[in-house]
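Enquirer: Provided herewith is a single structure, encoded as structure tokens, for subsequent inquiry.
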Amino acid sequence: MRIVALAGITAVASAAALAIPAQADAADPQDATAARCTYPADVLDLTNWKLTLPTGEDEDPTEITQPGLTTFSATPWFQVTEDCDAVRFRSAVDGVTTGGSSYPRAELREMTDGGEEEAGWSTTEGTHTLVVKEAFMALPNDKPHLVGAQIHGGDDDVTVFRLEGSKLYITKGDDSHHHLVTDDYELGTEFEAKFVARNGKIDVYYNGERETTISDDGDTNYFKAGAYTQANCENSDPCDGDNYGEVRISGLKVTHS
């Protein structure tokens, strides 16, 4: 059986399909809640982000940039929750991948200038902080591994929050088990992930407690958040859209000083 946290999840579309919901009628009081959160950008500030989805052509996944991201939603990959308090990111094992990875993602990438330029900052200049309130909701079969937030630099990740079954890790470069946060994480449990990069180091926090400090002097870093499934059709079955990783994000804030 696959691992799923909540019942009543919307039926899965094919990996190549994008469904964009129609705008709700705000004039109808019964639709007031729906109108308030039609798009993920109604819930999270996505001004300085772009989105990569597990759809599109081989090694050329769908990307949504600003200003289009403001009024974009894609069921079931990127959509608001029914109660308007979070955004769901879903990535199936048979999804389209980027050229630099064999794993699919529904993930935000940090941008600047209102979404016009890709962010790239140095850990040795200024202070760079990401705070994400999130919950892992579902894991793929066979290889139940999923990344929910990360600092990426150049061509590789620097550090990420990575769930493997019930074990939540903070990684360091290629060391996927650098620091064990907890070995009994339960799907659906919301937590706060926080990265603070300054003075050539990255402090990583879980629910307000510093868990580890990682040395890093990179100058091409940027933040990412969403569902980066660490499984594909070669190591996870079935090879279809019903086999996926999913993350729910209710808070997302970046500061640079």
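Enquirer: With the chain treated as a Gaussian network of Cα nodes joined by springs under 10 Å, which of D142, D203, D83 yields the largest mean-square fluctuation?
Expert: D83
Enquirer: Projected area of the range 62-191, taken from the Cα convex hull and averaged over every viewing direction, in nm²?
Expert: That works out to 9.3 nm², a quarter of the Cα hull's surface.
Enquirer: Could you tell me the largest-minus-smallest coordinate of the C-alpha atoms of the range 128-257 on each of the three principal axes, in descending order and whole angstroms?
Expert: 45, 29, 23
Enquirer: Ok, one more. Size of the range 26-130 along its principal axes in angstrom, Cα-based, largest extent first?
Expert: 50, 38, 20
Enquirer: In Å³ and rounded to a whole number, note down the convex hull volume per residue for the Cα atoms of the range 57-98.
Expert: 86 Å³
Enquirer: Sticking with this structure for a sec: Please go through the range 155-236 and write out the GluC sites (Glu not before Pro) that DSSP classes as loop and that have at most 11 other C-beta atoms within 10 Å.
Expert: Those that pass, being in a loop and sparsely packed, are E186, E234.
Enquirer: Evaluate the charge dipole of the chain about its Cα centre and quote only its size in Debye, nearest 20, assuming +1 on the Cβ of each Lys and Arg and -1 on the Cβ of each Asp and Glu.
Expert: The calculated dipole for the chain is roughly 520 debye.
Enquirer: Now a separate question. Debye sum, Cα scatterers, the range 139-190, no solvent: what log₁₀ I/I(0) at q = 0.20 1/Å?
Expert: Log10 of I(q)/I(0), two decimals: -0.67.
Enquirer: Continuing with the same structure: Could you do me a favour and compute the accessible area per residue for the chain, 1.4 Å probe, result in Å²?
Expert: 44 Å²
Enquirer: Can you give me the Kirkwood hydrodynamic radius for the chain, using every pair of distinct Cα atoms, in Å to one decimal?
Expert: Evaluated over the chain, this radius sits at 18.3 Å.
Enquirer: Moving on. On the accessible surface of the range 218-257, probed at 1.4 Å, how many percent belong to carbon and sulfur atoms?
Expert: Exposed carbon and sulfur together represent 44 percent of the surface.
Enquirer: Still on this structure, please answer the following. Kindly provide the pair-distance distribution of the range 163-232 built from C-alpha pairs, with 5 Å bins from 0 and whole-percent values in order of increasing distance.
Expert: 3, 13, 23, 29, 19, 8, 4, 0
Enquirer: Of all the accessible heavy-atom surface of the range 147-192, with the other protein chains kept in place and a 1.4 Å probe, what percent is carbon and sulfur?
Expert: Taking all protein chains in place, the range 147-192 shows 35 percent carbon and sulfur surface.
The values are calculated or read from the model by the stated rules, or taken from the named source; none is laboratory data. Keep in mind the model is a prediction, meaning the values are calculated, not measured. Glycine gets a Cβ as well: all are built from the backbone with ideal geometry, and neighbour counts include every protein chain shown. In case anyone asks, the SASA skips ligands and DNA or RNA and just uses the protein heavy atoms, side chains included. Shrake-Rupley method; radii C 1.70, N 1.55, O 1.52, S 1.80 Å.
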